[in-house]
Amino acid sequence: MRLYLSVGLLLERHVPAGGAVICGKHIPEGTIVGVNPWVTQHDPEVFPNPEVFEPERWLATGKNKEQLAMMERSFFSFGAGSRVCIGKNISLIEIRKIIPQLLRDFDMSIEGDKEWIVKNVWFTQQQMPLCVLKRRKRHGTG
Ligand SMILES: *[C@@H]1O[C@H](CO)[C@@H](O)[C@H](O)[C@H]1NC(C)=O
């Protein structure tokens, strides 16, 4: 969710009446501003070695509490604030239920050697080689 986000363009906001100061610069009212979550989630100051899949970076160990807080503030996979994705909580439940179940019940492999392509049309669409699921043999009861 950090490396390959579903939203690939700006999460737009309109600067309100009177303008706003953003990063020390006055921005006139009505200007469309926004944050691109792909940029924040690939920022090496927030996520060291940003292109590396490193789930353990999220573990709360003593030495990186400030880093962790900064990462959590910069994680926009579901947007943030008043326009957070309305499906965020149901998606998190599905991810926490479905992924472990799939890993438990299936062996997974990638078919062929096609490249993983990400096409950005506001939502990012992924075209990748086929992922083959093979049901694992069950041991014991159940
Ligand atoms: C998700 O759940 C949290 C905790 O219950 C709640 O504060 C938040 O409003 C919910 N967000 C959405 C988008 O439903």
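The values are calculated or read from the model by the stated rules, or taken from the named source; none is laboratory data. On a predicted model such as this, the values are computed, not experimentally measured, just so you know. A quick note on method: Cβ atoms are made from the backbone with ideal geometry, for glycine too, and the neighbour counts reach across all protein chains shown. Just so you know, the surface numbers come from the protein's heavy atoms only, side chains and all, with ligands and any DNA or RNA stripped out. Shrake-Rupley method; radii C 1.70, N 1.55, O 1.52, S 1.80 Å.
Things to note:
- Q127 passes every criterion in (1) open to solvent by 80 Å² or more (accessible area, probe 1.4 Å); (2) more than 17 Å from M1 (Cα to Cα); (3) among the polar types (S, T, N, Q) apart from (2).
- Residue that is more than 20 Å from F76 (Cβ to Cβ) and open to solvent by 60 Å² or more (accessible area, probe 1.4 Å), where the choices are G30, G24: G24
- Residues of the stretch 103-116 that turn out to be at pLDDT below 90 and open to solvent by 80 Å² or more (accessible area, probe 1.4 Å), as a count: 6
- Per-region count, the stretch 57-74, residues among the small types (G, A, S), open to solvent by 50 Å² or more (accessible area, probe 1.4 Å) and either within 14 Å of the ligand (Cβ to nearest atom) or assigned to a helix (DSSP H, G or I) (or both): 1
- Test: E94 is among the acidic types (D, E) and either touching a Phe, Trp or Tyr at 6+ places or on another chain (Cβ under 8 Å) or modelled with pLDDT under 90 (or both): no
- Condition check for N49: of a type outside the set (D, E), assigned to a helix (DSSP H, G or I) and farther than 20 Å from L10 by Cβ: no
- Checking each residue in the stretch 51-67 for being in contact with a helix residue (DSSP H, G or I) (Cβ under 8 Å, 6 or more places away or on another chain) and under 23 Å from V7 (Cβ atoms) picks out R57, W58.
- The stretch 33-46, subset assigned to a strand (DSSP E or B) and out of contact with any Asp or Glu (no Cβ under 7 Å at 6 or more places or on another chain), residue surrounded by the fewest Cβ atoms within 10 Å (Cβ to Cβ): V33
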